[in-house]
1. Given bins 5 angstrom wide, list per bin the percent of all Cα-Cα distances in segment 247-345, short to long.
2. Could you state how much accessible area Asp163 has, in square angstrom rounded to the nearest 10, with a 1.4 Å probe and all protein chains kept in place?
3. So what is the 222 nm mean residue ellipticity for the chain from helices alone, if each DSSP H run of at least 4 adds -39500 (n - 2.57) and you divide by all residues, rounding to the nearest 500 deg cm²/dmol?
4. Any chance you could look up the accessible area of His209 with a 1.4 Å probe, heavy atoms only, rounded to 10 Å²?
5. With charges set only on the Cβ (+1 for Lys and Arg, -1 for Asp and Glu), what does the dipole of the chain come to about its Cα centre, in debye to the nearest 20?
6. Assuming 0.890 mPa s and 25 °C, estimate D for segment 210-250 with Stokes-Einstein, Rh taken as the Kirkwood radius over Cα pairs, in µm²/s.
7. Tell me, what does the Kirkwood hydrodynamic radius of segment 162-233 come to in angstroms if you use every pair of distinct C-alpha atoms?
8. Would you tally the net charge around Thr2, using a Cβ to Cβ cut-off of less than 15 Å, leaving Thr2 out, and scoring K and R as +1, D and E as -1?
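The values are calculated or read from the model by the stated rules, or taken from the named source; none is laboratory data. Everything numeric in this text was worked out from a predicted model, so none of it was measured. FYI the Cβ positions are ideal-geometry reconstructions off the backbone, even for glycines, and counts take in every protein chain you see. Heads up: the accessible areas ignore ligands, DNA and RNA and are worked out on the full protein's heavy atoms, side chains in. Shrake-Rupley method; radii C 1.70, N 1.55, O 1.52, S 1.80 Å.
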Amino acid sequence: MTTIEQLKPQLEALREDILNAIALSKTRPVLYDVKVKYFGKSGPLTALMKETGKLSSDLKPLWGQLVNSLMQEVQNNYAQKEEQIKQIEIEELMSAQELDVTLSGVKPPMGTYHPLTIVTQQIVAILSRLGYSLRLGPIIESDFYNFEALNIAENHPAREMQDTFFVGPKHVLRTHTSPIQIHSLEKESLPLKVMGTGGVFRCDSDISHLPHFHQIEGLYVAEQVSMADLKGTIRFFVKEFFAKDLKIRFRPSYFPFTEPSAEVDCQCPICQGKGCSLCKQTGWIEIGGCGLVNPKVLESVHVDSKRWQGFAFGFGIERMAMIKYHIGDIRLLPENDLRFLKQFS
Ligand code: PHE
C-alpha cells in the first residue's frame with residue numbers, strides 16, 4: 001500500500017511548478033496554456049487525484065482533501081494573474097492610443113450653400129427689409145393661375161407649346177413666379193406686400209437659358225401706388241444687392257399683367273458703366289421686368305381696381321447670380337460640380 005507521505009513530494013513539486021509557471025506568464029494565451037498543461041482535465045493534477053485508488057480507504061478522504069485544496073489554490077492564483085494581465089493589457093492599449101488634447105482637430109468636410117440659394121437668401125433679406133413677406137406656390141399651375149388671371153390671352157405666344165411645358169390639357173409647369181401674385185391676391189387682405197420665389201420652367205436651353213430656372217418677384221398693392229414707388233424700390237434693391245450705388249433705368253416694354261411695363265437695366269456692376277465684356281460695352285445690364293399691376297389682373301380675382309393699385313417686379317435668380325459672381329455660362333449652375341460650388345463657401 002502507498003502512503004500519503006510517499007505521494008506528498010509529488011504534490012509539493014507539482015504545486016511549485018504550477019505557481020512558477022503562472023507567475024512567469026505574461027500574456028493570456030500563455031497563461032491559458034499553463035492551465036491546460038497542469039490542471040486541465042488531462043493534466044498531472046487530475047492524474048494525482050486519481051492516485052486515490054492506490055490508497056487505503058481511510059487515507060482516501062485525506063488525499064482527496066489535499067489535492068482539492070491545491071486545485072483551489074492554483075485556480076485562485078490563476079484568476080488573480082488573469083486579472084493582472086487584463087489590467088496591463090488595458091494600460092498598454094491606452095498608452096498606445098494616447099490622446100493629445102492639445103493637438104488641433106481634423107476639420108470634417110463642410111457643405112456650402114448653392115450660389116442660387118445664396119442669391120435667393122440675399123434678395124429675400126433685402127426685400128424683407130422693405131416689408132415684403134415670402135410666399136411660395138405650386139410648381140404645377142392651372143391655366144387660370146399661370147395665364148388667364150395674369151391677362152395672358154388664349155392666343156398669346158407665351159402659351160405656345162415651344163415655350164410652355166404642358167402636363168395636362170389645362171395644367172402647366174409654371175412658366176414664371178407671377179401665379180404666386182394671383183394666389184396671394186385671392187387669399188390675403190389688402191394692402192399687400194409679398195414676394196414669391198421658386199423654380200419655373202420653359203422649353204428653352206442655351207448658354208443663357210435653362211429649361212428649369214428660378215425667379216423672384218415682388219407685388220405691392222395699396223390704395224395709391226405709383227411708378228415712382230416702383231423705381232425707388234428697385235433702386236434700393238440694386239444698391240443693396242450689388243453693394244454699389246448703381247444707376248438704374250427703365251425701358252418701355254410689354255407684359256400682359258402690368259401696364260405700363262418696363263424692362264429694368266442697372267449700370268454694369270463690373271465696370272460701373274464704363275463698358276466691359278459682361279455688359280457688351282454698353283455699360284448697362286438687364287436685370288428684370290416690372291410695371292404697374294394691370295387692373296385686369298386685379299379684376300380677375302375680384303379686387304376693386306378703382307380703389308386698389310399696385311406694382312410688380314421680377315428678377316431671374318440665375319441671371320442675378322451670374323452678374324454678381326461673373327459666371328459666364330448658366331449651365332454651370334445646375335451642374336453641381338464641386339470645384340465650382342466650393343468657390344461660394
Ligand atoms: N413674369 C415675368 C417673366 O417671367 C417677369 C415679371 C414679373 C414682369 C413681374 C413684370 C412684373 O418674364
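1. With 5 Å bins starting at 0, P(r) equals 3, 12, 16, 16, 14, 13, 10, 8, 6, 2, 0.
2. 50
3. -12500 deg cm²/dmol
4. So the heavy atoms of His209 present about 80 Å² to solvent.
5. Charge dipole, the chain, about its Cα centre: 480 debye, nearest 20.
6. D, rounded to a whole number, is 201 µm²/s.
7. After inverting the mean inverse Cα-Cα distance, the result is 14.1 Å.
8. That sum, taken over residues with Cβ under 15 Å, equals +1.
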